[in-house]
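Novice: Before we start, here is the structure in question, set down as structure tokens.
The values are calculated or read from the model by the stated rules, or taken from the named source; none is laboratory data. Not measured: the values here are computed from a predicted model. For neighbour counting, all protein chains shown are included, and Cβ atoms are generated from backbone atoms with ideal geometry for every residue, glycine included.
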Amino acid sequence: MPDLAWFVIRRLFGALLVMLALSLAVYLVFYAIPADPARLACGKPCTPDRLEQARHFMQLDQSTLQQYLSFLKGVFAGRTFGDGTAAVHCNAPCFGYSFPLARPVTTLILDRLPVTASIALGAAVLWLLLGVSLGVIAALNRGRILDRLAIGVALVGVSTPSFLLGLLAILVFGFWLNMVPVNGYVPFTESPVDWAWHLITPWIVLAILQAASYIRLTRSQMLEELNLDYITTARAKGAGELRVVLTHGLRGVLVPVVTLFGLDLGGLLGGAILTEKVFSMQGLGDLLITAVGSLDVAVVVGVTLFSAFLIILANLVVDIVHGLLDPRVSHG
Amino acid sequence: MAEPVLEVHDLHVTFTTEGGLVPAVDGIDFAVAPGETLAIVGESGSGKSVSSAAVMGLLPSNAEVTGEVLLDGRELIGLPGDELRKIRGNDIAMVFQDALSALNPYYSVGWQVAEAYRLHHDVSKKKAHQRAIEMLDKVGIPDAVRRADSYPHEFSGGMRQRVVIAMALVNDPRVLIADEPTTALDVTVQAQIMRLLDDVQAEFGTALVLISHDLGVVAEVADDVLVMYAGRAAERGTVRDIFFRAAHPYALGLLGAMPRVDVPPKPRLTTIPGTPPTPGSITTGCPFQPRCAYTHLVGERCITERPELTPRPGEGDHEAACHLGRRPEVLL
């Protein structure tokens with residue numbers, strides 16, 4: 001286990017460097033866009049005087065590098081915009097301050113995260129179960145009707161846009177059959193049943209879309225796995241077919257599946273933009289899209305960095321799980 | 001010869017492929033008694049491995065097996081999968097050529113040996129693990145208690161093969177089929193593994209079917225020898241019949257190709273000219289005829305008429321399938 005701790009520490013340190021480089025890149029990209037957030041904040045009519053005032057307050061009159069350094073300082077020590085009675089504080093870790101929403105970006109992200117996490121985690125569990133089991137079934141019935149069916153589902157899933165499937169699901173199950181709520185989000189802490197009930201449609205929609213790649217990956221991986229010598233050994237030992245497949249075959253299949261799963265989940269936790277829009281849920285994706293629309297650069301940078309952080313975290317978790325799944329990794 | 005434990009009569013294996021029917025094994029007979037060793041020798045593609053897989057019922061679904069496989073007089077061909085599963089690994093066990101690929105990389109060796117035991121005995125995991133350690137110790141794994149928790153990639157080639165042998169012997173099988181058990185190993189390790197097989201055979205009275213193309217090994221451990229060529233028996237007899245009184249030109253060719261330390265070395269190793277026929281390509285005549293140096297002594301018959309096994313002088317059931325009635329003297 002000390003091996004594992006050492007490994008995690010090393011990786012976290014690497015992640016920190018990656019985040020630093022990434023934040024600089026993201027900062028430069030978004031602050032280079034030819035639009036002036038101060039002009040939006042200044043309102044109409046906007047006198048040059050007031051514009052300059054707004055610039056100064058938002059610290060946009062500093063050089064880009066200076067702004068970036070203030071941003072970094074804010075992450076570790078917090079920031080204050082303006083002074084006197086009009087001063088706005090943004091406590092550490094401060095990932096910027098949204099002037100249009102009048103809230104620190106960190107608070108905004110943390111407020112929206114439960115919604116996105118609820119959507120992503122529930123859907124992830126569903127699509128993993130659905131994808132892997134259909135993939136295994138397809139592999140075991142190679143060339144037969146069940147295989148064709150699973151591949152057909154995968155093909156439909158992979159080629160359907162999420163907004164189309166989402167709107168269809170709302171139309172059919174929400175309006176026509178009146179089985180599920182058509183939109184809205186209920187916090188888990190308020191009512192777990194309502195929470196799940198409101199999320200069931202987005203979960204299923206996302207799961208169907210995402211399961212497609214898992215079906216295909218699991219199927220091809222399992223077919224390869226079943227040709228390996230140790231599968232013959234398992235049969236020669238007298239193991240039943242179910243045991244051969246689930247105990248001896250599935251382990252090797254899960255290694256690449258976990259990689260894909262980690263990255264997909266990490267990506268989705270950063271905001272399921274289309275799904276959130278379709279189901280009118282105020283998650284991170286919704287926050288990001290709204291921020292882009294209102295030129296709220298601080299939020300865009302914050303959410304982008306947060307998504308990047310989730311991907312890096314997902315990679316780390318994937319590597320740890322690999323070690324648990326494959327002794328050749330951990331007992332190198 | 002004592003009462004045989006495993007008898008194979010007129011075994012045929014035909015594969016259905018896209019190119020049509022391919023007869024891989026075309027009517028072979030053999031029998032092996034407790035404590036005795038039968039060696040099946042032949043080139044790659046002669047059908048020796050397919051025969052053993054047929055006995056184990058491990059062939060893919062596109063293979064059709066006919067004939068008789070009797071274990072203690074009980075017919076195994078056509079037995080329902082569940083019944084066959086109880087026999088596999090329990091009454092008939094198998095040792096494979098490449099121990100690295102034959103062992104599951106994701107599980108400890110102790111677990112894998114214990115699994116073989118648990119599949120046929122209703123015991124606790126703990127008890128099975130103890131049995132596995134006992135078995136690993138018996139096959140000469142040093143520090144078996146600790147090493148049982150190691151994974152296959154942490155062992156050397158010879159030690160891995162010992163693990164495979166432990167796994168095969170854990171249920172005290174009546175018949176052990178070893179498919180080229182030493183081919184993937186260093187020469188010094190080969191001798192250790194053969195000695196181990198010899199020892200456990202003596203201790204448990206296991207009937208051993210040794211599939212090999214190493215005549216040196218065969219001469220040392222076999223009681224009876226079956227020489228296969230193109231899916232058929234070319235010659236069979238006791239080990240002395242084959243090594244001192246070989247009657248089939250192919251068997252003679254194999255013996256001639258074996259480097260020997262007791263005769264002055266030749267500048268080049270002797271080979272049998274040509275390559276073995278692909279299964280199914282020879283329909284009439286002797287399958288060995290295109291490569292045979294003695295065809296001129298017989299003539300047309302070798303091309304038109306397929307030779308059957310006929311008795312030859314020797315210790316018992318010495319038989320060869322060759323039209324040349326007498327023993328060819330030319331080579332000797």
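Novice: State which residue pairs qualify: first residue within 27 Å of A:G184 (Cα to Cα) and inside the range A:88-114, second residue among the aromatic types (F, W, Y) and in a helix (DSSP H, G or I) in any location, beta carbons under 7 Å apart, and separation of 6 or more residues or different chains.
Specialist: Sorted first by the residue in the range A:88-114, then by its partner, the pairs are A:I109/A:F306.
Novice: Which ones in the range A:83-113 are assigned to a helix (DSSP H, G or I) and at pLDDT 90 or above? Let's see the steps before the verdict.
Specialist: Step one: list which residues in the range A:83-113 are assigned to a helix (DSSP H, G or I), which gives A:84-86, A:105-113.
The answer is A:V105, A:T106, A:T107, A:L108, A:I109, A:L110, A:D111, A:R112, A:L113.
Novice: Do the conditions hold for A:F261, that is, is it over 30 Å from A:Y31 (Cβ atoms), away from every other protein chain (no Cβ under 14 Å) and modelled with pLDDT of 90 or more?
Specialist: On the way: over 30 Å from A:Y31 (Cβ atoms): yes; away from every other protein chain (no Cβ under 14 Å): yes; modelled with pLDDT of 90 or more: yes.
Spelling it out, A:F261 is indeed over 30 Å from A:Y31 (Cβ atoms), away from every other protein chain (no Cβ under 14 Å) and modelled with pLDDT of 90 or more.
Novice: Tell me the residue from B:S124, B:S150, B:S156 that is within 11 Å of chain A (Cβ to nearest Cβ) and polar (S, T, N, Q), please.
Specialist: Working: B:S124 fails: within 11 Å of chain A (Cβ to nearest Cβ); B:S156 fails: within 11 Å of chain A (Cβ to nearest Cβ).
Answer to the selection: B:S150.
Novice: Looking only at strands (runs of 3 or more DSSP E) that lie completely in the range B:31-108, which have at least 1 residues being more than 11 Å from chain A (Cβ to nearest Cβ)? Talk me through it step by step, then tell me what you get.
Specialist: Details: elements: B:37-41, B:63-71, B:92-95.
Passing ranges, in order: B:37-41, B:63-71.
Novice: Scan A:A154, A:A120 and give me the residue that is at pLDDT 90 or above, buried (at least 22 other Cβ atoms within 10 Å of the Cβ), in contact with a helix residue (DSSP H, G or I) (Cβ under 8 Å, 6 or more places away or on another chain) and not acidic (D, E). Explain how you work it out, then say what you get.
Specialist: Values: A:A154 fails: at pLDDT 90 or above.
Within the list A:A154, A:A120, the selection yields A:A120.
Novice: Looking at the range A:1-11, which of its residues are at pLDDT below 85 and either aliphatic (A, V, I, L, M) or not in a helix (DSSP H, G or I) (or both)?
Specialist: Matches in the range A:1-11: A:M1, A:L4, A:A5, A:V8.
Novice: Starting from the range B:17-34, take each residue that is within 11 Å of B:L6 (Cα to Cα) and list its partners that are part of a loop (DSSP other than H, G, I, E, B) and among the hydrophobic types (A, V, I, L, M, F, W, C), counting only C-beta distances under 6 angstrom and pairs at least six apart or across chains.
Specialist: Taking only residues 6 or more apart or on different chains, the pairs are B:A33/B:M1; B:A33/B:A2; B:P34/B:V5.
Novice: Enumerate the helices (runs of 4 or more DSSP H) found wholly within the range A:118-234, keeping only those where 2 or more residues are within 30 Å of B:Y106 (Cβ to Cβ) and under 21 Å from the mean Cα position of the chain (by Cα). Don't jump to the end; show me each part of the working.
Specialist: On the way: elements: A:145-159, A:162-169, A:192-225.
The qualifying helices (runs of 4 or more DSSP H) are A:145-159, A:192-225.
Here's the yes/no breakdown for (1) small (G, A, S); (2) surrounded by fewer than 23 Cβ atoms within 10 Å (Cβ to Cβ):
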| residue | (1), (2) |
| --- | --- |
| B:E180 | no, yes |
| B:A184 | yes, yes |
| B:V189 | no, yes |
| B:E203 | no, yes |
| B:T206 | no, no |
| B:S212 | yes, no |
| B:L215 | no, yes |
| B:E220 | no, yes |
| B:M228 | no, no |
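Novice: Same structure again: Name every residue in the range A:271-301 that is touching a strand residue (DSSP E or B) at 6+ places or on another chain (Cβ under 8 Å) and part of a helix (DSSP H, G or I), in order of residue number. Can you show your working first?
Specialist: Step one: of the range A:271-301, the residues touching a strand residue (DSSP E or B) at 6+ places or on another chain (Cβ under 8 Å) are A:291, A:296, A:298-299.
Answer for the range A:271-301, where residues must be touching a strand residue (DSSP E or B) at 6+ places or on another chain (Cβ under 8 Å) and part of a helix (DSSP H, G or I): A:A291, A:A298, A:V299.
Novice: Test B:E115 against the criterion of being crowded, with 21+ Cβ neighbours inside 10 Å, within 9 Å of chain A (Cβ to nearest Cβ), under 27 Å from A:L324 (Cβ atoms) and without any contact (Cβ under 8 Å) to a residue 24 or more places away in the chain, and give yes or no. First the steps, then the outcome.
Specialist: Working: crowded, with 21+ Cβ neighbours inside 10 Å: yes; within 9 Å of chain A (Cβ to nearest Cβ): yes; under 27 Å from A:L324 (Cβ atoms): yes; without any contact (Cβ under 8 Å) to a residue 24 or more places away in the chain: yes.
So B:E115 fits the description; yes.
Novice: Further, regarding this structure: For the range A:220-241, how many residues are away from chain B (no Cβ under 11 Å) and within 18 Å of B:L59 (Cα to Cα)?
Specialist: Quick first cut of the range A:220-241, residues away from chain B (no Cβ under 11 Å) only: A:220-224.
Right, trim to within 18 Å of B:L59 (Cα to Cα) and you get A:223-224.
The total comes to 2.
Novice: Specify the residue that is modelled with the highest pLDDT; the eligible residues are those in the range B:247-268 that are part of a loop (DSSP other than H, G, I, E, B) and under 15 Å from B:E43 (Cβ atoms).
Specialist: First pass over the range B:247-268, keeping only residues part of a loop (DSSP other than H, G, I, E, B): B:247-248, B:257-268.
Filter once more, so that each one left must be under 15 Å from B:E43 (Cβ atoms): B:248, B:257-258.
Details: B:H248: 89, B:A257: 79, B:M258: 77.
Only one residue fits best here, namely B:H248.
Novice: Additional query: Could you please give the count of residues in the range B:241-274 that are exposed (fewer than 11 other Cβ atoms within 10 Å of the Cβ) and within 25 Å of B:A24 (Cβ to Cβ)?
Specialist: Adding up the residues that qualify gives 3.
Novice: Just to be sure, is A:G267 under 15 Å from the mean Cα position of the chain (by Cα), more than 13 Å from chain B (Cβ to nearest Cβ) and part of a helix (DSSP H, G or I)?
Specialist: On the way: under 15 Å from the mean Cα position of the chain (by Cα): yes; more than 13 Å from chain B (Cβ to nearest Cβ): yes; part of a helix (DSSP H, G or I): yes.
Considered against the rule, which asks whether it is under 15 Å from the mean Cα position of the chain (by Cα), more than 13 Å from chain B (Cβ to nearest Cβ) and part of a helix (DSSP H, G or I), A:G267 comes out as yes.
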